[in-house]
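The next block holds one structure in the form of structure tokens; read it before the comments.
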Amino acid sequence: MFDEALRKPRGKGGRAPDPMRVGGWVPMREYPGDEEVDFAIVGTGAGGGTLACKLAEAGFSVVAFDAGAWWRPLEEFASDETHQGKLYWTDERLCDGANPLKLGANNSGRAIGGSTVHFAMVSLRMRPERLNSRSKLGYGADWPLDWREMWNYYTEVERALAIAGPVNYPWGPPRPRYPYRAHEINAAGLVLARSCEAMGIDWSETPLATVSAPRGRSHPCVYRGFCVTGCSTNAKQSVLITWIPRAVKAGAEIRDLAMVGRIETNAGRATGVHYYREGQWRFQRARNVVVAGYAIETPRLLLNSANAQFPDGLANRSGLVGKYLMAQTNQAAWGVMEDEIRWYKGPPSLAITEHWNYTDTGKDFFGGYAYMSQGPLPQAWASTLSGNRGLWGEALMREMEKYNHQAGLKIVGEVLPQEANRVTLADEKDQYGLPIARVTYSLCDNDQALVKHALDFMSKSLDAIGATDIWTEDDDTCHLAGTARMGDDPTTSVVNADCRSWDIPNLWICDGSVFPTVGAVNPSLTIQAIACRTGDRIKELASQGTL
Amino acid sequence: MATDREILNGALGALAIGAAGALLCGRTKPTRRKRQPPPRSAMERARREAERPPQAPTVKAARRLNRAAGLIALSTLLDSAVEHYRGSFHNKAMYTPLVVSALTLYVSYHGTGDRRPAVHRFRDFTYLVSAATGFVGTAFHIFNIRKRPGGFSWQNLFYGSPLGAPASIALAGLLGFYSERLRDNELKRSPKVFGLRAGRALAALAGIGMVATSAEAALLHFRGAYHDPFMYAPVVVPPIAAALLGDTALSHPRPPRRLTRWWLRLTALVGFAGAGFHIFGVSRNMGGWRNWRQNVLNGPPIPAPPSFTGLALAGLAALGLLDDHPDS
């Protein structure tokens, strides 16, 4: 019963599941494959789902595809960490390099709503200077976007998701009030608060995409703690329950269990997408194609769509598709508190400090990091202790007994964009017969220096409040970005500021792949802000007749 | 150095000793009229009514105040029972508001039926204890907030011990204490309390209470992001009532405006309607009323809004007194 969505598509027959009501359905418009729709969007996560909504609401005909299932959280999300692995993209990929990435739970999703179905809901604005890191801070690359314009789009997204955030945010330029008030900080968050106060730096409640008061059919968060394995109460404002229902209402068609394998082109323009659904390959004609598959599947699709006219893959005249892959560092300092903490209660990251994102002195590296309080569920914690601390058998059992007293601080760290970190195609093929992605990844000296700084600081701050048995987890990564960077110059970027590819005017890329630098905060809010901007720009271009 | 728990326990002990003292010194049992058989006819009912001693306007106002204090005490009793149960009574001092508000409710009930123009010592003392409990409780809630990381931050004002909650038991106590002072004025032409004109001072007291209670609603509804437009009602209607009561307090010798009476009635309605909205609010939490054991604790406090009704009744009592004693 819990896996039904994986076996049979639900978005068909003129209706779509209503995830807000048990067994509910809503009418959905359908387009035949031979009808040329305005936009075919590949992926329905933070980029694709948001853009599908914006474009449908602007009056365009839209069909959005996702390889994942259309879940009903109220009925199908179990309180079971292993079972909820069904939300992750766990198809085979080859990972190599000096620091091979661990792909799956922490960095990719496979569902209508994409990774936002299991994200930790941390919704942060990127520090304005990081959009001009080359010219203002001396590293990385400049974005072709103005931070003030982004600030407005952040506001739009925060309203759309009813972000619950602090009344006053200590860092960055002023921002409008968050639509909902911050949640009550749990004991794990208070550990961060006390440790920051001990070190003399600011801390704050984390702005989160889970409601702290009723909103429509969303109940306030009940602090169940299974956020990163899928919220079964719909308090989490994921793309699945926010942008997608809006898109469907505005006339978009969403096709679940529909894996796009190739983009067709003709005479230098995209003409539609080939996708696999219900046991066969099908084709959807489209005037424009948007790729929103995130930093691995996006370059994979572009490279897999190579043809005689574009032998190196689509939108790849610059040779940069797949390059400059970035995976934020995600190291942690852990300790044991005398008091009971029970960190599994509530969202995992209720408190945050962006001190080392906004402070440029006292560092021996470029970039910055934020760090947050943590709340891994028992299985995730056991896997951290065994995989990253090397405990096993009785030692692991003894350590697990401290679970309710455990606290920790974990970074979201910026890494430098390196050309050598890249996604290419392997010879091996997946279940659809498509070449799988090879992901090559290595940290540079600057990335290592940032991690060292963070681990030293966090260990000291835990020590300052009396934590014992402090140890550091030195090897973990999280959010991805890069591989189809945006810019002002066709020779050094894949898309322009509007996410439009330089090479194929009706091919767009709208997800985290377009980030020229990854920044020091979780990227979901920025991806959605970019999608909102792209939606507005497409509307504007259409009205000018330049689409 | 005494811990906060020890200090709280000490305070609880002091209050208990005080209450016990009152029981010993005062009349421990309110007098009970001998129950008569129900009247057999309308004529007999009219005769009995005529035989009752005439009631002084101050006593009438005092009884109205007893009713207002009782309603606020009931609101506090239920609210603190729910909230402190939620807090697992982890500190024994958390039983204090339950005991004190229950006593206040009882003496208010007693006062409502008491037509005698004299101070009742036990009732008077209980009201005083009630007011003191409110002030001590507020002090401890402030202390609790200050010791949390972040101190007086929005986070702690939203989720720490609620600042405004103990003030409601203080209000019940003050109104009750005031009612006893009013009963002292039986024969005077222009009743006064603490040297102030009784009717107008009461209007001012009710107005101040309304502003404070409204401020608490504003804070907690801000925490709820005013997600329902009706959440603005208790932060708009009572302050206007307070302003009108302020106008009444300062308007000697002009009589109160007619609008004031109607606005107080509206405020009383808002208090009751608020409980209804909060019942609905509970249903908007996960599981709704089927999951009442969790959501009654977790959702909006159902017993809290009627304290506005209590304050509106106190305001109306002031207006009633001014009707009978325009100079008061």
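Structural remarks
- When peptides A:45-56, B:209-220, A:6-17, A:438-449 are sorted by average Cβ neighbour count within 10 Å, with the highest value leading, the order is A:45-56, B:209-220, A:438-449, A:6-17.
- Sequence-separation-based contact order of the range A:111-154, relative, with Cα cut under 8 Å and 6+ spacing, percent: 25 percent
- Counting Cβ atoms of other protein chains within 10 Å of each Cβ in A:183-192 and taking the mean gives 2.
- Percentage relative contact order, the range A:270-325, counting C-alpha pairs under 8 Å, at least six apart: 23 percent
- Loop-located GluC sites (Glu not before Pro) across the range A:312-372 with a Cβ neighbour count of 12 or fewer within 10 Å are A:E338, A:E340, with loop assigned by DSSP.
- Burial order of peptide ranges B:304-315, A:253-264 (average beta-carbon count within 10 Å, highest first): B:304-315, A:253-264
- Candidate cross-link partners of A:K8 among the aspartates and glutamates, defined by an alpha-carbon separation under 12 Å and a same-chain spacing of 8 or more, comprise A:D256, A:E278.
- Qualifying lysines (Cα of each under 17 Å from Cα of A:K54; at least 8 residues distant if same chain): A:K249, A:K539
- Share antiparallel - DSSP beta bridges, the range A:4-544, percent rounded to 5: 70 percent
- In the protein assembly as shown, the DSSP-assigned H stretches of four residues or longer account for a calculated mean residue ellipticity at 222 nm of -13000 deg cm²/dmol, using -39500 (n - 2.57) per stretch and the full residue count as denominator.
- With contacts taken as Cα pairs under 8 Å and at least 6 residues apart, chain A reaches a relative contact order of 22 percent.
- Angle between chain A longest axis and helix A:48-57 axis [Cα atoms, degrees, rounded to 10]: 50 degrees
- Packing-based order for A:532-544, A:371-383, using average beta carbon neighbours within 10 Å, highest first: A:371-383, A:532-544
- Between helix A:294-304 and chain A: long-axis angle, C-alpha atoms, 0 to 90°, nearest 10: 30 degrees
- Neighbouring Cβ atoms from other chains, within 10 Å of the Cβ of residues in A:503-510, number 0 on average.
- With neighbour counts taken as other beta-carbon atoms within 10 Å, the residues A:S115, A:S305 rank, fewest first, as A:S305, A:S115.
- A compact globular protein would have a Cα radius of gyration near 2.2 N^0.38 Å; the ratio found for the range A:4-544 is 0.91.
- Close amide H partners of A:G24, meaning residues 5 or more places away or on another chain with modelled amide H under 5 Å apart, are A:D18.
- For the range A:1-47 and the range A:67-96, distance of Cα centres in Å: 18 Å
- Peptide B:147-156 has a mean of 6 when you count, residue by residue, the C-beta atoms of other protein chains within 10 Å of its C-beta.
- Gaussian network model of chain B, Cα within-10 Å springs - most flexible of B:A69, B:A275, B:A225: B:A225
- Stokes-Einstein diffusion for the range A:1-150 at 25 °C, viscosity 0.890 mPa s, with a Kirkwood radius from C-alpha pairs, works out to 134 µm²/s.
- Span-like helix ranges in chain B, DSSP H, alpha carbon extent 20 angstrom or more, Kyte mean at least -1.0: B:4-25, B:57-86, B:96-112, B:121-147, B:165-183, B:198-223, B:233-249, B:258-283, B:306-324
- Distance from the Cα centroid of the range B:268-292 to that of the range A:395-460 is 47 Å (rounded to whole angstrom).
- Cross-link partners of A:K429 among aspartates and glutamates (Cα-Cα below 19 Å; sequence separation of 8 or more within a chain): A:D91, A:E92, A:D96, A:E297, A:D312
- Charge tally for B:L205 (other residues, Cβ to Cβ under 13 Å; Lys, Arg +1; Asp, Glu -1): +3.
- For the pair the range B:157-185 and the range A:496-525, the centres of their Cα atoms are 60 angstrom apart.
Quick note: the coordinates plus some simple rules give every number you see, no bench work behind them. Every value quoted in this text rests on a predicted model; they were computed, and no experiment measured them. Ideal geometry is used to build each Cβ from the backbone, glycine not excepted, and the neighbour counts take in all protein chains shown.
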